[in-house]
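Input: a single structure, listed below in structure tokens.
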Amino acid sequence: MPDFKDILDIHPNPCVIHIDFVPKYANNAFAKFSGMSNAQEVLNLESIRVLFEDEHWPEAQRRYKHAIETGTPTPPEVINHTDLKGNPMIAEITDKVIDWFGEKAMCTFVSVVTDQVFRERTLRDMANRDDLTNLYNRRYLLDLFNERNATPQRRQYLAMVDIDHFKRINDSFGHPVGDLVLKQLARIIEEFTEPEECAFRLGGEEFALLIWADDRQDVCARLEMLRGRIEDLTVRVSHLNKQPLAINVTVSIGATEISDAEGFISASLRADKSLYIAKESGRNQVINNDADDSAPTPCLPD
């Protein structure tokens with residue numbers, strides 16, 4: 001047995017040595033990582049393949065073959081892992097080819113990075129969120145817009161939502177009341193979205209939506225429903241020592257279908273044009289302006 005066995009036995013990181021995934025050595029940390037009682041249980045396995053999710057195996061086999069053939073260490077890989085007891089975790093795997101009694105073998109080290117990954121995800125998510133409403137922000141809208149995937153079954157729409165006469169609320173009741181209105185609307189807008197859709201606060205009283213719809217009639221019906229929900233909303237707040245306030249708000253919405261591979265600027269200009277028309281023609285309405293439309297048209301309530 002190589003001299004490093006004593007070191008690996010007490011090392012806190014899981015480690016397994018295998019030849020074509022047949023285990024030759026494992027420390028107790030690897031057994032614990034796998035949901036097993038001790039290292040001998042690992043060595044009793046015909047293959048360590050049973051310890052990892054099937055979706056990882058094509059890449060694991062490719063990495064193993066490349067490392068054995070070239071003798072070069074594999075780059076770290078982060079994978080989702082569930083041990084034999086059903087405990088989920090996130091692991092980072094690194095491999096190095098070693099000599100095992102005259103045979104080439106793979107020494108695989110595992111680092112459990114669940115907490116680190118969650119912290120990084122939390123920090124990224126915080127950077128993409130609006131501080132007041134917790135909706136996604138403009139930066140994330142731009143990132144998501146560029147990464148969106150087209151689908152032949154449904155069409156994607158960009159909708160701009162603007163609170164009507166919001167300045168009057170701030171001027172009449174103060175910014176804390178205005179902030180409460182923004183939070184209430186943000187909740188309704190976020191609840192409106194379906195899976196794989198996103199709501200954003202762009203700044204001030206302006207929000208945006210990336211939503212899917214079957215066609216123009218479908219998106220009009222959905223956005224009219226949103227407009228109606230907001231129109232029915234009554235924001236109740238205590239205002240100093242006076243009688244509680246009951247504030248009703250409406251929104252204007254401008255929407256446009258996003259064509260394949262279209263950039264954010266051109267789509268947002270159409271949506272902004274629709275929003276401008278909605279506000280100039282009386283507010284509290286939805287205007288749609290598709291890329292192939294000769295003119296924006298209103299979405300009428302049922």
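The values are calculated or read from the model by the stated rules, or taken from the named source; none is laboratory data. All figures in this text were calculated on a predicted structure; none of them were measured in a lab. Heads up, the Cβs are rebuilt from the backbone with ideal geometry, glycines too, and the neighbour counts pull from every protein chain shown.
Say whether the condition of being modelled with pLDDT under 90 and β-branched (Val, Ile, Thr) is met by at least one residue in segment 219-236. Yes, there is a match, as at least one residue in segment 219-236 is modelled with pLDDT under 90 and β-branched (Val, Ile, Thr).
Does residue 176 satisfy the condition of being out of contact with any strand residue (DSSP E or B) (no Cβ under 8 Å at 6 or more places or on another chain), surrounded by fewer than 16 Cβ atoms within 10 Å (Cβ to Cβ) and in a helix (DSSP H, G or I)? For residue 176, the condition - out of contact with any strand residue (DSSP E or B) (no Cβ under 8 Å at 6 or more places or on another chain), surrounded by fewer than 16 Cβ atoms within 10 Å (Cβ to Cβ) and in a helix (DSSP H, G or I) - is met. Here segment 247-302 is the region considered, the condition is being of a type in the set (D, E, K, R), out of contact with any strand residue (DSSP E or B) (no Cβ under 7 Å at 6 or more places or on another chain) and outside any helix (DSSP H, G or I), and the residue that is modelled with the lowest pLDDT is 293.
Has segment 89-109 got at least one residue that is out of contact with any Gly (no Cβ under 6 Å at 6 or more places or on another chain), in the same structural domain as residue 229 (by TED's automatic domain parsing), without any contact (Cβ under 8 Å) to a residue 40 or more places away in the chain and acidic (Asp, Glu)?
The initial filter retains those residues of segment 89-109 that are out of contact with any Gly (no Cβ under 6 Å at 6 or more places or on another chain), namely 89-96, 98-109.
Next, only the ones that are in the same structural domain as residue 229 (by TED's automatic domain parsing) stay: none.
Scanning segment 89-109, I find no residue that is out of contact with any Gly (no Cβ under 6 Å at 6 or more places or on another chain), in the same structural domain as residue 229 (by TED's automatic domain parsing), without any contact (Cβ under 8 Å) to a residue 40 or more places away in the chain and acidic (Asp, Glu), so the answer is no.
Among residues belonging to segment 144-169 that are out of contact with any strand residue (DSSP E or B) (no Cβ under 8 Å at 6 or more places or on another chain) and under 17 Å from residue 218 (Cα atoms), point out the one that is modelled with the lowest pLDDT. Steps first, please.
Here is the first cut: in segment 144-169, the ones out of contact with any strand residue (DSSP E or B) (no Cβ under 8 Å at 6 or more places or on another chain) are 146-147, 149, 152-153, 165-168.
In the following step, the residues that additionally are under 17 Å from residue 218 (Cα atoms) were identified as 152-153.
Values: 152: 54, 153: 62.
Ranking the qualifying residues of segment 144-169, first place goes to 152.
Of everything listed in (1) touching a His at 6+ places or on another chain (Cβ under 7 Å); (2) farther than 28 Å from residue 115 by Cα, the single unmet condition for residue 27 is (2).
Only one of the numbered conditions (1) farther than 30 Å from residue 144 by Cα; (2) part of a helix (DSSP H, G or I) is violated by residue 118, and that is (1). Only one of the numbered conditions (1) polar (S, T, N, Q); (2) under 17 Å from the mean Cα position of the chain (by Cα); (3) in a helix (DSSP H, G or I) is violated by residue 134, and that is (3).
Would you be able to say whether some residue in segment 94-108 is touching a helix residue (DSSP H, G or I) at 6+ places or on another chain (Cβ under 7 Å) and either of a type in the set (A, V, I, L, M, F, W, C) or at pLDDT below 90 (or both)? Give the steps one after another, and end with the answer.
Of all residues in segment 94-108, those touching a helix residue (DSSP H, G or I) at 6+ places or on another chain (Cβ under 7 Å) come to 95, 97, 104, 106.
When the remaining residues are screened for being either of a type in the set (A, V, I, L, M, F, W, C) or at pLDDT below 90 (or both), the result is 97, 106.
Checked against the condition, which is being touching a helix residue (DSSP H, G or I) at 6+ places or on another chain (Cβ under 7 Å) and either of a type in the set (A, V, I, L, M, F, W, C) or at pLDDT below 90 (or both), segment 94-108 yields at least one hit.
Considering segment 181-212, and only residues there that are more than 20 Å from the chain's Cα centre (by Cα) and buried (at least 18 other Cβ atoms within 10 Å of the Cβ), the residue that is farthest from residue 145 (Cα to Cα) turns out to be 181.
Segment 38-113 holds strands (runs of 3 or more DSSP E) entirely within its bounds, and those carrying 1 or more residues that are of a type in the set (Gly, Ala, Ser) map to 88-100, 103-112. In segment 34-58, the qualifying residues are those that are surrounded by 15 or more Cβ atoms within 10 Å (Cβ to Cβ) and touching a His at 6+ places or on another chain (Cβ under 8 Å), and the one that is modelled with the lowest pLDDT is 52.
Please tell me if residue 182 is assigned to a loop (DSSP other than H, G, I, E, B), aliphatic (A, V, I, L, M) and in contact with a Leu (Cβ under 8 Å, 6 or more places away or on another chain). Taking the combined requirement at face value, the residue does not satisfy it.
Inside segment 216-260, residues that are in contact (Cβ under 8 Å) with a residue 60 or more places away in the chain and among the small types (Gly, Ala, Ser) make up a count of 5.
Looking at 97, 117 in this structure, which one is closer than 30 Å to residue 41 by Cα, of a type in the set (Val, Ile, Thr) and either exposed (fewer than 15 other Cβ atoms within 10 Å of the Cβ) or within 19 Å of the chain's Cα centre (by Cα) (or both)? Before you say what the answer is, go through the steps one by one.
On the way: 97 fails: either exposed (fewer than 15 other Cβ atoms within 10 Å of the Cβ) or within 19 Å of the chain's Cα centre (by Cα) (or both).
Of 97, 117, the one residue that is closer than 30 Å to residue 41 by Cα, of a type in the set (Val, Ile, Thr) and either exposed (fewer than 15 other Cβ atoms within 10 Å of the Cβ) or within 19 Å of the chain's Cα centre (by Cα) (or both) is 117.
Scanning segment 210-221 for residues that are among the small types (Gly, Ala, Ser) and part of a strand (DSSP E or B) yields one hit, 213.
Inside segment 222-244, residues that are surrounded by fewer than 17 Cβ atoms within 10 Å (Cβ to Cβ) and part of a helix (DSSP H, G or I) make up a count of 4.
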